[in-house]
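Following: one structure in structure tokens, then a few remarks.
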Amino acid sequence: MSEPTNSPPPTLEAVIRGFIYERFLTKTEKLAPDDPAYLKLHQQFEPQTWLADAARRVSQLQVVTHSLKAMHPDAKGTNLYVEPSQLERNELVGSHCLPADFEGDVVGNAAALDVYKFLKLKWEERSLLERALDGDEALIEALSQDRAEAESWVRAFADIVEPKGTPSSHARGKQVYWLVGDDPASDKDYRLLAPLYATALTHPVHARLSEARFGDHAKAGRKARREDAAFQGGYADYLNLSVQKLGGTKPQNISQLNSERGGQNYLLASLPPNWQSREVYAPMRDPFKAFKGRPEVRRTLSDLKRFLASDPTANRQTRDLRDDLTAMLVDELMLFTFDMHSLTPGWTTEARCELASEEQYWLDPGRAEQDAEFAEARRQSNWHDEISARAALWLNRELGQKSPLQFGDIEHGHWKSRFDDVLKRFRRQLDDLQDALRDDEEDAGDLT
């Protein structure tokens, strides 16, 4: 094998011709050289012929940052291309947050998208579109030996960011009358707003949320959390996401970037806060009935039940989602525990309390500071193991209620291990804290 040589970087003209030649090879890969269709394509992909046609077809496209078709696929009106630097900066997230090298979107005739791919070509860190917008001399020289022809092509390519026709909205678009004056009865005191879709901002947001949901780093973070292991860097969760599909089976009819996302657009939760009473009530009979009464527990339990009932394929993603939902239930059980610990210590001594001993040890640890016999019995008991078993039994029963799902000892053991890991650690931390407080009190007594 010969030693590799350091070849000089390609010229701009070579980059352009290389792109056109690759397009030609793609179009003719299944054609014989003597096929009439091959010969016709050979003529169409002569560099000067293709460039002239591209300069003509580019008028069918527009590079945009804010599009109308996302508001309604049949809307036909003005789209806008606005550099982020031209927008007013404020503390809210908006298109002004985009970097200088942001990716614009493309709307128009999908059959002409090869022209946009051509304008995205880069040479010496700058795209052909950037060079066209600046009237770049190097681009003019590379396009054609006829300077007038090359300059006309550059102007045509640069016009891809300009709105087509006069500014207008459409009956299919959204319109809002906004009061800007003082008299709501006067038509002159209103301004008509036509909202557009911030498509250039939507794309990087979608990429970030997808990485947080499905990226290897995020999956490793969730796995470390479930296993109570150290994890470098942390990860993010975006709760209550919705997915809006634009374009149906033809997302390319909305825009190029929408097509790259398969029509998917994430909607962040924008919900009013749920009112939660600050009052915490002691469960005197069945703690798991009180636990199930918490709204987040009901939602998570319903999600887990629906997911398992859908008979998902047994793979890593299925296991991860199942374990994530289970982890959410475990977290809620700990929050429920903390709420019970906020009650006045000794509440389990009330005559109406029918909780089993292990449940009292679990939910009323403060009673140990008042009752030495209770404290010793609690210390000798493996209450955390019993509570884990009851939690697993409760989950098996809830998932199988009014459902074709059937769970037995194997599932019980799996759920129990999830609850047990957390309850063991929680008991150890709680016992250590109580021992430390007791030592502090004894030390203070010795000093007096």
| remark: Selection from region 210-264 of residues among the hydrophobic types (A, V, I, L, M, F, W, C), within 17 Å of Gln317 (Cβ to Cβ) and either open to solvent by less than 80 Å² (accessible area, probe 1.4 Å) or over 10 Å from the mean Cα position of the chain (by Cα) (or both) yields Ala212, Ala218, Ala220, Leu241, Val243
| query | What is the number of the single condition among (1) aliphatic (A, V, I, L, M); (2) part of a helix (DSSP H, G or I); (3) open to solvent by 40 Å² or more (accessible area, probe 1.4 Å) that Ala156 does not meet? | reply | (3)
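Can you find, within region 210-228, the residue that is farthest from Thr326 (Cα to Cα) among those that are at pLDDT below 85 and in a loop (DSSP other than H, G, I, E, B)?
Looking only at region 210-228, we keep the residues that are at pLDDT below 85, and these are 225-228.
If we keep only those that are in a loop (DSSP other than H, G, I, E, B) too, we end up with 227-228.
On the way: Glu227: 13, Asp228: 14 Å.
If we take residues in region 210-228 being at pLDDT below 85 and in a loop (DSSP other than H, G, I, E, B), then Asp228 is farthest from Thr326 (Cα to Cα).
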| said: List the residue pairs whose Cβ atoms are under 8 Å apart, where the first residue sits in region 319-334 and is modelled with pLDDT of 90 or more, the second is not in a helix (DSSP H, G or I), and the two are 6 or more positions apart or on different chains. | reply: Glu332/Arg294
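When you check Arg222 against the structure, is it of a type in the set (Lys, Arg) and either touching an Asp or Glu at 6+ places or on another chain (Cβ under 6 Å) or under 30 Å from Val330 (Cα atoms) (or both), yes or no?
Numbers: of a type in the set (Lys, Arg): yes; either touching an Asp or Glu at 6+ places or on another chain (Cβ under 6 Å) or under 30 Å from Val330 (Cα atoms) (or both): yes.
Yes; evaluated as a whole, the condition is true for this residue.
Yes or no, residue by residue, for (1) over 30 Å from Pro251 (Cβ atoms); (2) touching a strand residue (DSSP E or B) at 6+ places or on another chain (Cβ under 9 Å):
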position: Cys97; (1), (2): no, no
position: Ala110; (1), (2): no, no
position: Tyr116; (1), (2): no, yes
position: Ser144; (1), (2): yes, no
| Any idea which residue in region 159-180 is modelled with the highest pLDDT, counting only those that are touching a Lys or Arg at 6+ places or on another chain (Cβ under 7 Å) and in a loop (DSSP other than H, G, I, E, B)? | Val180
| said: Quick check on region 114-124: of everything there that is in a loop (DSSP other than H, G, I, E, B) and within 30 Å of the chain's Cα centre (by Cα), which residue is nearest to Thr65 (Cα to Cα)? | reply: Lys120
| field | Restricting region 410-431 to residues that are under 18 Å from Ala375 (Cβ atoms) and open to solvent by 90 Å² or more (accessible area, probe 1.4 Å), the residue that is modelled with the lowest pLDDT | value | Gln429
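Does Val82 meet the test of being open to solvent by 70 Å² or more (accessible area, probe 1.4 Å) and in a loop (DSSP other than H, G, I, E, B)? Please lay out each step first, then the result.
Numbers: open to solvent by 70 Å² or more (accessible area, probe 1.4 Å): no; in a loop (DSSP other than H, G, I, E, B): yes.
So Val82 fails the test.
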| remark: Of the candidates Leu121, Leu128, the one satisfying the condition of being touching a Phe, Trp or Tyr at 6+ places or on another chain (Cβ under 8 Å), open to solvent by less than 20 Å² (accessible area, probe 1.4 Å), hydrophobic (A, V, I, L, M, F, W, C) and at pLDDT 90 or above is Leu128
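Could you identify the single residue in Ala200, Ala207, Ala138 that is in a helix (DSSP H, G or I), touching a Leu at 6+ places or on another chain (Cβ under 7 Å) and closer than 30 Å to Pro73 by Cβ?
On the way: Ala207 fails: touching a Leu at 6+ places or on another chain (Cβ under 7 Å); Ala138 fails: closer than 30 Å to Pro73 by Cβ.
One residue alone meets the criteria, Ala200.
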| Checking Gln370 against (1) in contact (Cβ under 8 Å) with a residue 24 or more places away in the chain; (2) over 23 Å from Leu301 (Cβ atoms); (3) open to solvent by less than 60 Å² (accessible area, probe 1.4 Å), the condition it does not meet | (3)
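Right, Ala111: closer than 30 Å to Ser152 by Cβ, buried (at least 17 other Cβ atoms within 10 Å of the Cβ) and more than 27 Å from the chain's Cα centre (by Cα) or not? Spell out the reasoning first.
On the way: closer than 30 Å to Ser152 by Cβ: yes; buried (at least 17 other Cβ atoms within 10 Å of the Cβ): no; more than 27 Å from the chain's Cα centre (by Cα): yes.
Spelling it out, it is not the case that Ala111 is closer than 30 Å to Ser152 by Cβ, buried (at least 17 other Cβ atoms within 10 Å of the Cβ) and more than 27 Å from the chain's Cα centre (by Cα).
Would you check which residues across region 315-352 are outside any helix (DSSP H, G or I) and either of a type in the set (S, T, N, Q) or open to solvent by 20 Å² or more (accessible area, probe 1.4 Å) (or both) and list them?
Applying the first criterion (outside any helix (DSSP H, G or I)) to region 315-352 yields 315, 342-346, 350-352.
Asn315, Ser342, Leu343, Thr344, Pro345, Glu350, Ala351, Arg352 - these are the residues of region 315-352 that are outside any helix (DSSP H, G or I) and either of a type in the set (S, T, N, Q) or open to solvent by 20 Å² or more (accessible area, probe 1.4 Å) (or both).
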| task | Check Thr11 against each of (1) modelled with pLDDT of 90 or more; (2) in contact with an Asp or Glu (Cβ under 9 Å, 6 or more places away or on another chain) and name the one condition it does not meet. | result | (2)
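The values are calculated or read from the model by the stated rules, or taken from the named source; none is laboratory data. In this text the structure is predicted, and so the values were computed from the model without any measurement. Every residue, glycine as well, gets a Cβ built from its backbone with ideal geometry; the counts of neighbours run over all protein chains shown. Accessible surface areas use protein heavy atoms only, side chains included; no ligands, DNA or RNA. Shrake-Rupley method; radii C 1.70, N 1.55, O 1.52, S 1.80 Å.
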